[in-house]
1. Limiting things to C-alpha atoms, what are the Rg and the maximum Cα-Cα separation (Dmax) for the range 152-300, in angstroms?
2. With every protein chain in place, what's the accessible area of Phe327 (1.4 Å probe, Å², nearest 10)?
3. Counting only heavy atoms of the protein chains, get the accessible area per residue of the range 283-344 (1.4 Å probe) and round it to a whole Å² value.
4. Spin-label point model (7 Å from Cα, Cβ direction): what's the Lys198 to Glu144 distance in nm?
5. Report the label-to-label distance for Ser63 and Glu345 in nanometres (one decimal), using points 7 Å from each Cα along the Cα→Cβ vector.
6. Heavy atoms only, probe 1.4 Å: what % of the accessible area of the range 241-378 goes to carbon and sulfur, would you let me know?
7. Over 28 Å between C-alpha atoms is what I'm after, so list which of Lys198/Lys240; Lys90/Lys178; Lys191/Lys392; Lys198/Lys331 land there.
8. Round to the nearest 0.05 the FRET efficiency obtained for Asp226 and His206 when R0 = 45 Å and r is the Cβ-Cβ distance.
Amino acid sequence: MWPFLALLLAAIALLFAWRLDRLRRRLNDLAAAAEVGEPNFLGANDALSRRYHLIRLQLALESIVEAHAKSRRQERGYLAQIETTLGNLKEAVLLVDAHERVAMANAAAANLLGAEKVAQGARLEAAVRGAGLIDYIYRTLRGESPPRAEFPLPLGRDQSRWVEISGAPLTATPDGQKLCLFVLHDITRLKDLESVRKEFVANVSHELRTPLTVIKGFTETLIEDDERLSREDRLRFLEKIRRQTLRLVALVNDLLSLSRLETTQPQLECRPQSLRAIIDETASEYAERFRETHVTLEFDLRHTSDMLALDALKLSQVFQNLIDNCFRYAKGFTRVRILTREDDECVRVTVEDNGCGIPVVDVPHVFERFYRVDKGRSRESGGTGLGLSIVKHIVQLHGGEVSCESEERGGTRIHFTLPIPPGVAPAPEAQSTLGI
């Protein structure tokens with residue numbers, strides 16, 4: 001009797017263990033189906049589910065999974081619509097969700113942020129550099145609505161760009177997700193131009209202040225000490241005022257010339273002109289000065305395409321500025337040479353002196369506005385610091401390039417090129433090494 005009861009109890013225990021194992025596996029299958037989002041994975045008419053009264057649980061899970069899947073589809077559709085609308089914009093557009101993750105970034109935004117592509121769902125700190133920019137996005141997400149702002153955006157070692165950003169919250173997505181839209185503009189060029197403008201205004205103010213201070217001082221002396229001044233002192237003071245006035249006139253004229261050259265549509269009157277004729281005419285204007293100062297002007301003209309498309313007046317100004325610079329800054333010079341050479345595309349012109357030269361560290365800056373190697377000597381000589389800037393602009397407007405070679409006590413050579421128009425016939429070969 002007892003052995004039979006023991007055997008029956010063991011069979012019942014095994015049956016319960018088997019059924020519990022099937023129930024455990026079925027619950028695990030339900031959990032797995034819910035996790036992968038497949039509501040029909042088990043099948044609503046599954047006999048095992050009916051046996052264990054799991055139909056209601058299965059239907060509830062299927063309803064939840066289906067609702068979640070529908071929400072995800074709506075969200076993807078909503079983001080796809082936004083991406084389609086904003087993806088091809090030239091403006092950089094960034095969408096950030098309430099969890100501080102990137103919901104969408106168009107190609108312009110990726111390029112502006114210095115990345116090939118910004119991954120959807122990336123953490124904000126991983127996608128965006130710059131503490132100020134990130135703080136602005138955080139403040140917008142918190143609903144503070146900060147005004148449009150500008151921030152530097154570091155891109156790498158010693159490299160950065162300036163970004164203007166504005167942001168606003170969007171209407172919640174169909175599933176209730178909150179997004180913020182940010183529009184970014186690259187304003188690096190504007191910042192560079194602003195820096196140039198500030199530097200230019202500061203330089204002009206400095207250049208004007210010095211002669212105006214001198215004029216003001218001597219004028220006050222002439223007025224206040226009129227009875228005590230001798231005729232010689234008055235003439236001496238008036239001569240100083242005259243010199244400073246001429247300096248102001250030269251500065252204003254150079255500023256006006258530079259302004260006209262830097263306009264969007266500078267007026268060049270280019271027509272076929274003889275380069276040799278322009279050089280000869282300019283040289284004749286300085287012949288007396290060269291004789292008085294015992295300086296030799298030499299020519300070595302070896303170009304054959306002489307009739308070029310030139311603005312004779314402006315190109316004469318190039319030679320005048322270069323020769324004037326020799327007299328002003330080439331201390332100890334005794335010779336000026338004008339050389340020309342020709343290749344297939346352009347005539348290369350060089351104006352060189354054998355004066356004191358320019359330190360190597362200053363050579364890259366000589367074409368900058370108001371740049372002076374020896375500031376004290378430049379002002380004493382009447383220079384405005386704009387001559388080589390004007391030369392550079394005139395040459396560039398003719399389609400050429402300009403450069404400088406120099407070393408201390410080795411003279412200075414200014415090179416520039418002038419393009420040869422198609423079909424220009426060679427001119428008769430001229431004598432080389434002429435001079436006055």
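1. Radius of gyration, then largest Cα-Cα span, for the range 152-300: 28.8, 94 Å.
2. Near enough 40 Å² of accessible area.
3. Values: 2900 Å² over 62 residues.
Spelled out: the 1.4 Å probe surface of the range 283-344, per residue, equals 47 Å².
4. Those two pseudo-labels are separated by 2.4 nm.
5. With each label point 7 Å from Cα toward Cβ, the separation is 7.7 nm.
6. Details: 3610 of 7180 Å².
Of the solvent-accessible surface of the range 241-378, carbon and sulfur hold 50 percent.
7. Details: Lys198/Lys240 30 Å; Lys90/Lys178 25 Å; Lys191/Lys392 24 Å; Lys198/Lys331 33 Å.
Going by Cα-Cα distance, Lys198/Lys240; Lys198/Lys331 fall outside the 28 Å limit.
8. Working: r = 31 Å, r/R0 = 0.69.
FRET efficiency, Asp226 to His206: 0.90.
The values are calculated or read from the model by the stated rules, or taken from the named source; none is laboratory data. Keep in mind it's a predicted model, so treat the numbers as computed, not measured. Cβ atoms come from the backbone with ideal geometry, glycine included; neighbour counts cover every protein chain shown. For the accessible areas, the whole protein counts, side chains as well, though only heavy atoms, and no ligand, DNA or RNA atoms are used. Shrake-Rupley method; radii C 1.70, N 1.55, O 1.52, S 1.80 Å.
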